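What follows is a single structure, written as structure tokens, with notes after it.
Values quoted throughout were computed directly from the atomic coordinates according to the rules given, and no laboratory measurement underlies them. Note that the coordinates shown come from a computational prediction; the quantities given were computed from them, not determined experimentally. A quick note on method: Cβ atoms are made from the backbone with ideal geometry, for glycine too, and the neighbour counts reach across all protein chains shown.
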Amino acid sequence: MNDNNVAEYFRPVLNAAAQSPARVLVDLNALENNFRYLSNRSDMPLMPVIKADAYGHGLLPCAKRLAAAGAEWFAVGTVAEGVLLRESGFGQKTVSLLGCLCPEDIELAAAHNIIPFVGSFEQLDALTARVGGQPVSIALKFNTGMNRLGFSPDELGELIRRLSVYPKITPVLAASHLASADEDGGVEQTNAQIQTFEIIMRELRRDYPEIGSSLYNTAGLLAHSHKLATTLARPGLALYGSNPLGGTALNQPEIDSALRPVMQVWAPVVQKRLLRRGEKLSYGGAFTAPEDMQAAIVAVGYSQGFSRGLSGRGELNIHGVRCPVLGRVCMQLVAVDAGGLESVSEGDQAWILGGPGNSPIRAEELAAWWGTIPYEVFCLLGGVNSRECR
Ligand SMILES: *Cc1c(COP(=O)(O)O)cnc(C)c1O
């Protein structure tokens, strides 16, 4: 893969962003605040997870601020993201969570010193066949109950035997991923995963006494990390200001007051519209005005990540006032009830996420209206709109 191919990975995102009138504001001070809070709460260093363009917040600006705040490791989604970091001058130890997805990824990982996750013998064989004679660091991924990626514990003996044939391939890290660390009903499964991981680490350290260990995502770090010491934690979500423990018995009020939202999103009001009693609004006439009312038409729709599933649900924040969504969400437009506003003008900022006043729209709220989780809200809104980091 050459540099052009790497740029190809990101081109669709750039094109969509150029066409969107919605603006994503990324507050890097808030990101730093959250990183420092999680660092202070943690007995181990953090490997901030900045995969998928830093959950839609912007890979490079987020990496830059996290590096300035002391991050010495990064977890990226793909080798291509790692290459972007390297080309921008980042020297942090960088792990690719998806590992190598094609032969070119293997070459790039070796050339740029990116540490790929390796979680199967096929992946290991592909790697050793291509770069087995070169010094390459890898991260071993283990399945402890998520049943998605990774070697199973009973493959450990065979794994160590096969690795011994390639003295230049160095496993610098062993990792596993928790499936339900953010759920009240998940404590038993989490404990079982922790126990399995502990056994794996004990075995591995006989042959690799220096190897690092990483198990905890945000929820694991905040709710379970006292159960087993590891050498690196891998938080993502909380860096971006969302608390995965919110609404569960595992939550601690301190977390909600410490974390600050990083992403805000707004789009302009395109037109105001006085609806007469009985008039129907937009496609399908899904909304009928029960009385004369002031509506505002806002330049955001499902092509910009404001899902059509939000039709007739949820709210935007204009001038600090909550304005309920009316009728269908269109491709680039949505209507809201502006009746609660003293006045509204074309060009006014309508906030999809965040916003002024005492009732900024929280990612958790938007996610609930949408029927999803804050992770998806961030990735979709951040992924397709023009972004400004400051
Ligand atoms: C995304 C991801 C994380 C971070 O999870 P959060 O819930 O966002 O903290 C950690 N580890 C792996 C393997 C991941 O894919």
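I'm checking a number: the convex hull volume of the Cα atoms of segment 21-143, normalised per residue, in Å³. What is it?
Roughly 130 Å³ of hull volume per residue.
With N set to the residue count of segment 263-389, report its C-alpha Rg divided by 2.2 N^0.38 Å to two decimal places.
Details: Rg = 13.6 Å, N = 127, 2.2 N^0.38 = 13.9 Å.
So the Cα radius of gyration is 0.98 times the expected 2.2 N^0.38 Å.
By what distance, in whole Å, do the Cα atoms of segment 91-167 stretch along each of the three principal axes, largest value first?
Taking max minus min along each principal axis of the Cα atoms, segment 91-167 gives 32, 26, 22 Å.
Which GluC sites (Glu not before Pro) in segment 271-373 pass both tests, a DSSP loop state and at most 12 other beta-carbon atoms within 10 Å?
E291, E342, E346
Mind pulling the angle between the C-alpha long axis of helix 187-207 and the longest principal axis of the chain? Nearest 10 degrees, somewhere in 0 to 90.
Helix 187-207 sits roughly 30 degrees off the main axis of the chain.
Over the chain, with a Gaussian network built from C-alpha contacts below 10 Å, which listed residue (S180, S96, S88) shows the highest mean-square fluctuation?
It is S88.
Please build a GNM for the chain, connecting alpha carbons under 10 Å apart, and tell me which residue among M293, M201, M47 fluctuates the most.
The residue that fluctuates most here is M293.
Indicate, rounded to the nearest 5 percent, the antiparallel portion of the DSSP beta bridges found entirely in the chain. Please report the intermediate quantities before stating the final value.
Numbers: 29 of 56 bridges.
Bridges in the chain are about 50 percent antiparallel.
Go ahead and set up a Gaussian network model of the chain, Cα springs under 10 Å, then flag whichever of P116, P209, P135 fluctuates most.
Top of the fluctuation ranking is P209.
Quickly work out the E346-to-A68 label distance, labels modelled 7 Å from Cα along the C-beta direction, and quote it in nm with one decimal.
Placing both labels 7 Å beyond Cα along the Cβ direction yields 3.9 nm.
Determine the alpha carbon to alpha carbon distance for each of K64/K227; K168/K227; K141/K227 and list only those over 27 Å.
Result: K64/K227; K168/K227 exceed 27 Å.
If you keep only loop residues by DSSP, which trypsin sites (Lys or Arg not before Pro) in segment 263-362 have at most 12 other Cβ atoms within 10 Å of their Cβ?
Working: sites: K272, R273, R276, R277, K280, R308, R313, R322, R328, R362; in loops: R276, R277, R313, R328, R362.
Hits after loop and neighbour filter: R276, R277.
Check which residues have an amide H placed less than 5 Å from S213's amide H, if you skip close sequence neighbours.
Those lying under 5 Å, H to H, from S213 are A174, T231, L232.
Relative to the compact globular guide of 2.2 N^0.38 Å, what is the alpha carbon radius of gyration of segment 28-248, as a ratio?
Relative to the rule-of-thumb radius for its length, segment 28-248 sits at 0.98.
Find the Cα radius of gyration of segment 106-147, compare it with 2.2 N^0.38 Å by division, and give the number to two decimals.
Details: Rg = 11.0 Å, N = 42, 2.2 N^0.38 = 9.1 Å.
This ratio for segment 106-147 stands at 1.20.
Step through the residues of segment 246-260 one at a time and calculate ³J(HN,Hα) from phi using the Karplus curve (6.51 cos²θ - 1.76 cosθ + 1.60, θ = phi - 60°), rounding each to whole Hz and writing x for Gly and Pro.
Residue by residue, segment 246-260 yields x, x, 10, 6, 7, 5, 10, x, 4, 5, 5, 7, 7, 7, 10 Hz.
Full-extension gain between D125 and R148, please, as 0.36 nm times their residue separation minus the C-alpha to C-alpha distance.
Result: 6.3 nm gained on full extension.
Find the Rg to Rh ratio for segment 271-311, where Rh is the Kirkwood radius over alpha-carbon pairs and Rg uses the same atoms.
Taking Rh as the inverse mean 1/r over Cα pairs, Rg/Rh reads 1.02.
With θ set to phi - 60° and the Karplus curve 6.51 cos²θ - 1.76 cosθ + 1.60, what are the ³J(HN,Hα) couplings of segment 298-303 in order, to the nearest whole Hz, using x for Gly and Pro?
Result, ordered by residue: 10, 7, 9, x, 5, 5 Hz.
For segment 113-122, in order, what is each residue's ³J(HN,Hα) by Karplus, 6.51 cos²θ - 1.76 cosθ + 1.60 with θ = phi - 60°, in whole Hz (x at glycine and Pro)?
Per residue, the Karplus-derived 3J(HN,Hα) values read 6, 9, 8, x, 5, 10, x, 8, 5, 4 Hz.
Quick one: if you stick a label point 7 Å off each Cα along the C-beta vector at S42 and H112, how many nm between them?
2.2
Under Stokes-Einstein, with the Kirkwood radius over Cα pairs standing in for Rh, what whole-number D in µm²/s applies to segment 131-190 at 20 °C and 1.002 mPa s?
Calculated translational D: 163 µm²/s.
On alpha-carbon atoms, Rg over Rh for the chain using Kirkwood Rh?
Reported Rg/Rh, Kirkwood definition of Rh: 1.04.
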